[in-house]
Amino acid sequence: MGIVRKKNASKIRNHMQSLSKKKYWEQIKGSLDQVVMFIPEESIYSSALQNDRKLYQDSFASKVVIVGPSNLLVMIKMIVNMWAMQKQSKDISKIIE
């Protein structure tokens, strides 16, 4: 089992690094400066974190936020709220001008 878990952690790290190299945040004007990597099952991510202690820190340094099902909806809601506040701020600035 330990070998399978280490391979899983390695695959997640490799995919995280691959996403980071694509630099989506530079390709899409006005986007956030990070990309979200979704893992469909919490236990897979938890196992990867146990077998690769630096995965969490390295993912943030690489501008990749790894989320599972429980965090995905929270993150989407947060991003939608941020965009709404940004739009509202722009609208207020236009009114003031």
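The values are calculated or read from the model by the stated rules, or taken from the named source; none is laboratory data. Source: prediction; values computed, not measured. With ideal geometry, Cβ positions are generated from the backbone for all residues, glycine too; neighbour counts draw on all protein chains shown. Accessible surface areas use protein heavy atoms only, side chains included; no ligands, DNA or RNA. Shrake-Rupley method; radii C 1.70, N 1.55, O 1.52, S 1.80 Å.
For Glu97, the criteria (1) among the acidic types (Asp, Glu); (2) exposed (fewer than 10 other Cβ atoms within 10 Å of the Cβ); (3) closer than 21 Å to Ile12 by Cβ hold in every case but one, which is (3). Contact annotation: residue pairs with Cβ atoms under 7 Å, 6 or more positions apart or on different chains, pairing a residue in segment 53-71 that is at positive phi with a partner that is at pLDDT below 95 and in a helix (DSSP H, G or I), are Lys63/Trp25. When segment 25-43 is limited to residues that are aliphatic (A, V, I, L, M) and more than 16 Å from Ser62 (Cα to Cα), the one that is surrounded by the fewest Cβ atoms within 10 Å (Cβ to Cβ) turns out to be Ile28.
Report whether or not Ile95 is within 11 Å of the chain's Cα centre (by Cα), without any contact (Cβ under 8 Å) to a residue 24 or more places away in the chain, more than 21 Å from Gly2 (Cβ to Cβ) and part of a helix (DSSP H, G or I). Here the answer is no, as Ile95 does not meet what is asked.
So that you can scan it fast, the table gives a plain yes or no per residue for (1) part of a helix (DSSP H, G or I); (2) of a type outside the set (D, E, K, R):
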residue: Lys7; (1), (2): yes, no
residue: Ile12; (1), (2): yes, yes
residue: Leu19; (1), (2): yes, yes
residue: Leu32; (1), (2): no, yes
residue: Met37; (1), (2): no, yes
residue: Tyr45; (1), (2): yes, yes
residue: Ala48; (1), (2): yes, yes
residue: Ile66; (1), (2): no, yes
residue: Ile76; (1), (2): yes, yes
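Checking Lys54, Lys22 one by one, the residue that is under 14 Å from the mean Cα position of the chain (by Cα) and open to solvent by 80 Å² or more (accessible area, probe 1.4 Å) is Lys22 and no other. Scoring Lys87 on the criteria (1) open to solvent by less than 90 Å² (accessible area, probe 1.4 Å); (2) part of a helix (DSSP H, G or I) leaves a single failure, condition (1). Scanning segment 57-84 for residues that are closer than 16 Å to Ile12 by Cβ and open to solvent by 100 Å² or more (accessible area, probe 1.4 Å) returns a single hit, Gln57. Listed by first and then second residue, the pairs with beta-carbon distance under 7 Å, at least 6 apart or on different chains, first residue in segment 36-47 and closer than 15 Å to Ser10 by Cα, second open to solvent by less than 50 Å² (accessible area, probe 1.4 Å) and part of a loop (DSSP other than H, G, I, E, B), are Ile39/Gly68; Tyr45/Ile39; Tyr45/Gly68.
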